[in-house]
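See structure below.
The values are calculated or read from the model by the stated rules, or taken from the named source; none is laboratory data. All figures in this text were calculated on a predicted structure; none of them were measured in a lab. Cβ: placed from backbone, ideal geometry, glycine included. Neighbour counts: every protein chain shown.
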Amino acid sequence: MDEHVHRAITTGLRLRGVDVLTAQEDNRRNTPDLILLDRATELQRVLFSQDDDLLVEAKRRQIENIPFAGVIYAHQLQVTIGACVRDLELIAKVAGPEDLANRVEYLPL
């Protein structure tokens, strides 16, 4: 989870048995997007964000063929917390790391 994701999304996912690691729990508070995405890739974890700047970094990596673990993005004003939890749970339970590598997925599904 990117740093600014609402805690209720993280909590909702954990209540549904989804393994979640927040930037804060990984001691990555105030970490630039470039480094945060590198860290997620190192851990082989898809990064969920509601930060437009992260989309720019992911797009740059796609254009330059720089591998990354994948990004799931939801605009804060276009999706509810409940919809984020539902869609993220679905993705976590049906998609493998290879399905999301080097991709950007948008919520709601």
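What the table shows:
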quantity	calculated
Of all residues making up the stretch 60-81, the number that are β-branched (Val, Ile, Thr), within 21 Å of Thr10 (Cα to Cα) and part of a loop (DSSP other than H, G, I, E, B)	2
Candidate set: the stretch 69-109, residues that are acidic (Asp, Glu) and surrounded by 13 or more Cβ atoms within 10 Å (Cβ to Cβ); chosen: the one nearest to Gly17 (Cα to Cα)	Glu89
Every pair of residues 6+ apart whose Cβ atoms lie under 6 Å, when the first sits in the stretch 91-109 and is in a helix (DSSP H, G or I) while the second is among the small types (Gly, Ala, Ser)	Leu100/Gly70
Leading residue by the ranking (surrounded by the most Cβ atoms within 10 Å (Cβ to Cβ)) among those in the stretch 8-28 that are over 13 Å from the mean Cα position of the chain (by Cα) and not in a loop (DSSP other than H, G, I, E, B)	Gly12
Search result, residues across the stretch 15-45 that are touching a residue at least 40 places away in the same chain (Cβ under 8 Å) and over 16 Å from Phe68 (Cβ atoms)	Arg16, Val18, Asp19
Meets criteria (charged (D, E, K, R), at pLDDT below 95 and out of contact with any strand residue (DSSP E or B) (no Cβ under 6 Å at 6 or more places or on another chain)) for Glu89	no
Scope the stretch 29-59; condition farther than 11 Å from Asn102 by Cα, outside any loop (DSSP other than H, G, I, E, B), out of contact with any helix residue (DSSP H, G or I) (no Cβ under 7 Å at 6 or more places or on another chain) and not acidic (Asp, Glu); matching residues	Ile35, Leu36, Arg39, Ala40, Ser49, Leu55, Val56
